[in-house]
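The block underneath contains the structure these notes are about, expressed in structure tokens.
The values are calculated or read from the model by the stated rules, or taken from the named source; none is laboratory data. The shown structure was predicted, so the numbers you read here are calculated from the model rather than taken from an experiment. Note that each Cβ is placed from the backbone with ideal geometry, even for glycine, and that neighbours are counted across all protein chains shown. With ligands, DNA and RNA removed, areas are computed over all heavy atoms of the protein, side chains included. Shrake-Rupley method; radii C 1.70, N 1.55, O 1.52, S 1.80 Å.
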Amino acid sequence: MTTTAERSEADAVPEPKPRRGLLAVLLGFGALFLAGCWAAWFFTIDDALITFRYSANMADGHGPVWNVGEDPIEGFTNFLWMLWHVPFALAGLPLETVAKVTSVVLGGLILVMLVRAGHRAAGVLGALVAGGALLLFVPTYFHVTAGLETIAFAAVVLRAAIVGVDLVQGRAVRDWEPPLLLLLAGMIRPEGVLATFPAFLIWLWLGRGRRRTWALVAAVVVIGGGYFAWRWTYFGHPFPNTFYVKFGNLDAGSVWLETTAWLVLPLLVLTAFLLVRKASRGAGLVLSSVVLLTGMTYAVSGPTMDYLHRFAFHAYPVLCLGAGLAMAHLGRRWIAAVSGAVAVGWVAVVGAESTDLPVIANYGPDLQRAHVAIGKGLANAQVPEAARSLAVSDAGAIPYYSGWKSIDYIGLNDEAIAHGASPTDVVKAARPTVIVVTARDRGATPGWAYGLIVPDAARDYQLVADVQMRGGYFQEVFALPEHAARIRAALDRSVGEAQRRNDPGRYEDTIDRWLDRLRAQLPGA
């Protein structure tokens with residue numbers, strides 16, 4: 001049995017012609033999707049700027065490095081996403097905007113894929129459930145605008161799942177698509193190889209008797225193996241730094257798994273239901289395998305910074321697809337309609353009630369008036385080039401906008417710390433001009449921060465700025481005495497202006513701040 005584009009038309013399942021109902025769903029959902037992206041447009045996560053720093057350095061001819069002139073460090077887990085932004089950095093375009101626009105386009109493709117697949121399986125009801133579960137899940141829009149690779153990765157994983165379903169249901173697929181999706185996913189994130197492997201394995205088995213299949217497999221081995229060998233040679237380690245810093249936290253992984261399972265419970269149930277009926281069992285096995293293999297990585301690593309269920313979102317569209325397909329196998333139409341409504345309503349409510357939402361809904365202006373302002377202030381400080389060095393835990397906006405040589409004392413962008421060195425020893429040995437520490441109250445310098453013993457590391461430094469990001473979150477900036485006055489003056493100007501322009505006087509964690517900003521932008525407000 002073959003599954004290629006060369007299969008005869010008699011062997012392929014014919015695609016239904018677009019219907020008026022499908023077009024109406026796509027138009028309505030498209031308008032809602034764009035409105036949601038607009039409402040979250042201000043949001044950029046600090047971690048995205050880590051990737052942008054690598055992209056900018058590569059565009060400047062230094063290669064994908066954290067600090068120019070130092071040994072390469074792989075402090076990112078999204079190689080292809082980093083590479084995507086390099087030509088835009090060369091063109092001088094703002095990388096935050098590039099990342100957002102790219103994700104809006106890919107998010108739109110996810111929506112189209114879900115609606116089409118749901119409609120093909122169960123008509124308008126399938127389209128409404130598959131697309132509605134994505135669109136009414138509030139975190140979707142913040143993942144689109146965050147600046148990270150989340151949407152790109154989710155789009156490739158979803159496409160691989162759809163290809164896998166097509167294969168087991170006897171539809172023709174493009175010969176090159178399963179191996180290409182495997183490569184793309186693995187180069188966007190290392191665990192992408194696992195997430196897309198079910199579709200690849202089915203394609204390989206069905207086409208095992210053809211030379212073209214094995215030629216494509218050979219191409220995957222050569223390209224993928226070459227990429228892996230280059231990474232290992234260039235960075236000196238087989239895996240990104242985050243693997244060594246975070247992997248193996250089973251307790252945190254267990255909590256993540258429980259939280260995620262509760263979040264998507266009805267979608268999981270509907271996807272698992274596909275395994276019950278013989279007609280849908282193949283699709284159920286494919287989708288369940290993709291979800292399990294994608295989530296397994298995070299269950300054993302205990303992901304941090306999982307704001308608004310970011311890592312769960314990698315397979316979230318696959319669960320939306322499973323729910324849409326299940327609408328065709330629940331028996332009576334009213335049972336399917338009620339089940340679909342419950343599933344969509346569940347994720348809408350749970351997503352809107354996420355404990356992270358108030359923080360994330362205000363993160364944009366908060367980041368601008370603290371981290372971005374500090375970074376821009378340091379960039380403008382009258383400090384000699386040789387002295388432009390800092391140590392920081394939030395390694396995104398401050399290093400990116402300052403351009404200063406940076407020690408990330410969490411270890412994501414520091415090889416020695418990632419492999420067990422003491423952050424305090426590393427910082428003391430480097431003696432950076434600036435040390436930035438997160439505090440929970442103004443002037444309340446912590447004794448310990450991410451392994452850094454602050455009183456020891458900053459013993460003879462001067463506190464030059466105490467910048468509030470939000471309630472209970474301050475950035476304390478310490479500087480060497482010989483540079484303290486100039487740095488203080490530069491930060492006073494930069495931070496003062498940023499504090500006046502971004503939600504002045506409001507630091508509370510509540511979605512009311514977000515809603516007030518939205519109302520202010522509406523016509524006639």
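Given the criterion within 30 Å of residue 384 (Cα to Cα), open to solvent by less than 30 Å² (accessible area, probe 1.4 Å) and hydrophobic (A, V, I, L, M, F, W, C), identify the matching residue among 490, 485.
Being within 30 Å of residue 384 (Cα to Cα), open to solvent by less than 30 Å² (accessible area, probe 1.4 Å) and hydrophobic (A, V, I, L, M, F, W, C) holds for just one of 490, 485, which is 490.
Filter region 17-54 for residues that are hydroxyl-bearing (Ser, Thr, Tyr) and assigned to a loop (DSSP other than H, G, I, E, B) and give the result.
At the first step, the residues of region 17-54 found to be hydroxyl-bearing (Ser, Thr, Tyr) are 44, 51, 54.
Once the filter is applied, which keeps residues that are hydroxyl-bearing (Ser, Thr, Tyr) and assigned to a loop (DSSP other than H, G, I, E, B), region 17-54 yields only 44.
Given the residues 281, 369, which is the only one that is closer than 30 Å to residue 403 by Cβ, modelled with pLDDT of 95 or more and not aliphatic (A, V, I, L, M)?
369
Would you be able to tell me the number of residues in region 372-398 that are open to solvent by 20 Å² or more (accessible area, probe 1.4 Å) and either farther than 21 Å from residue 417 by Cβ or at pLDDT 95 or above (or both)?
9
Do the conditions hold for residue 252, that is, is it over 22 Å from the mean Cα position of the chain (by Cα) and of a type in the set (A, V, I, L, M)? Steps first, answer last, please.
Values: over 22 Å from the mean Cα position of the chain (by Cα): no; of a type in the set (A, V, I, L, M): yes.
The answer is no for residue 252.
What helices (runs of 4 or more DSSP H), lying completely within region 265-318, carry at least 3 residues that are open to solvent by less than 50 Å² (accessible area, probe 1.4 Å) and closer than 28 Å to residue 240 by Cβ?
In region 265-318, 281-299, 310-313 are the helices (runs of 4 or more DSSP H) which contain 3 or more residues that are open to solvent by less than 50 Å² (accessible area, probe 1.4 Å) and closer than 28 Å to residue 240 by Cβ.
Kindly indicate whether any position in region 167-184 is outside any helix (DSSP H, G or I), open to solvent by 10 Å² or more (accessible area, probe 1.4 Å), farther than 14 Å from residue 114 by Cβ and free of Cβ contacts under 8 Å to residues at least 60 places away in the same chain.
Yes, that holds for at least one residue.
Regarding residue 379, is this residue in contact with a helix residue (DSSP H, G or I) (Cβ under 9 Å, 6 or more places away or on another chain), farther than 20 Å from residue 470 by Cα and part of a helix (DSSP H, G or I)? Explain how you work it out, then say what you get.
Details: in contact with a helix residue (DSSP H, G or I) (Cβ under 9 Å, 6 or more places away or on another chain): yes; farther than 20 Å from residue 470 by Cα: yes; part of a helix (DSSP H, G or I): yes.
When the stated conditions are applied, residue 379 passes them.
Can you name the number of the only condition in (1) within 22 Å of residue 156 (Cα to Cα); (2) surrounded by fewer than 19 Cβ atoms within 10 Å (Cβ to Cβ) that residue 349 fails?
(1)
Since residue 196 meets every condition but one in (1) surrounded by 15 or more Cβ atoms within 10 Å (Cβ to Cβ); (2) more than 27 Å from residue 54 (Cβ to Cβ), which condition does it not meet?
All conditions are met except number (2).
Quick check: is even one residue across region 87-106 more than 30 Å from residue 350 (Cα to Cα), of a type in the set (Phe, Trp, Tyr) and in contact with a Phe, Trp or Tyr (Cβ under 9 Å, 6 or more places away or on another chain)?
Taking every residue of region 87-106 in turn, none turns out to be more than 30 Å from residue 350 (Cα to Cα), of a type in the set (Phe, Trp, Tyr) and in contact with a Phe, Trp or Tyr (Cβ under 9 Å, 6 or more places away or on another chain).
Please go through region 129-166 and pick out each residue that is open to solvent by 10 Å² or more (accessible area, probe 1.4 Å) and of a type outside the set (A, V, I, L, M).
141, 159, 166
Considering region 55-95 alone, what residues qualify as being part of a helix (DSSP H, G or I), in contact with a helix residue (DSSP H, G or I) (Cβ under 7 Å, 6 or more places away or on another chain) and not aromatic (Phe, Trp, Tyr)?
Selection gives 55, 56, 58, 59, 80, 82, 86, 89, 90, 95.
Tally up the residues in region 336-372 that are hydroxyl-bearing (Ser, Thr, Tyr) and over 20 Å from the mean Cα position of the chain (by Cα), please.
1
Residues in region 433-446: is at least one more than 14 Å from residue 477 (Cβ to Cβ), crowded, with 17+ Cβ neighbours inside 10 Å and modelled with pLDDT of 95 or more?
no
Please work out which one of (1) touching a Ser or Thr at 6+ places or on another chain (Cβ under 8 Å); (2) within 18 Å of residue 144 (Cβ to Cβ); (3) of a type outside the set (Asp, Glu) is the condition residue 83 fails and give its number.
Unmet condition: (2).
Is it the case that residue 233 is part of a helix (DSSP H, G or I) and open to solvent by 20 Å² or more (accessible area, probe 1.4 Å)?
Yes: the conditions hold for residue 233.
Against the conditions (1) in contact with a helix residue (DSSP H, G or I) (Cβ under 6 Å, 6 or more places away or on another chain); (2) under 23 Å from residue 305 (Cβ atoms), where does residue 440 fall short? Just the number, please.
(1)
Does residue 65 fit the bill of being open to solvent by 30 Å² or more (accessible area, probe 1.4 Å) and either at negative phi or within 14 Å of the chain's Cα centre (by Cα) (or both)?
Considered against the rule, which asks whether it is open to solvent by 30 Å² or more (accessible area, probe 1.4 Å) and either at negative phi or within 14 Å of the chain's Cα centre (by Cα) (or both), residue 65 comes out as no.
Do the conditions hold for residue 460, that is, is it closer than 19 Å to residue 487 by Cα and touching a helix residue (DSSP H, G or I) at 6+ places or on another chain (Cβ under 8 Å)?
Answer is yes for this residue.
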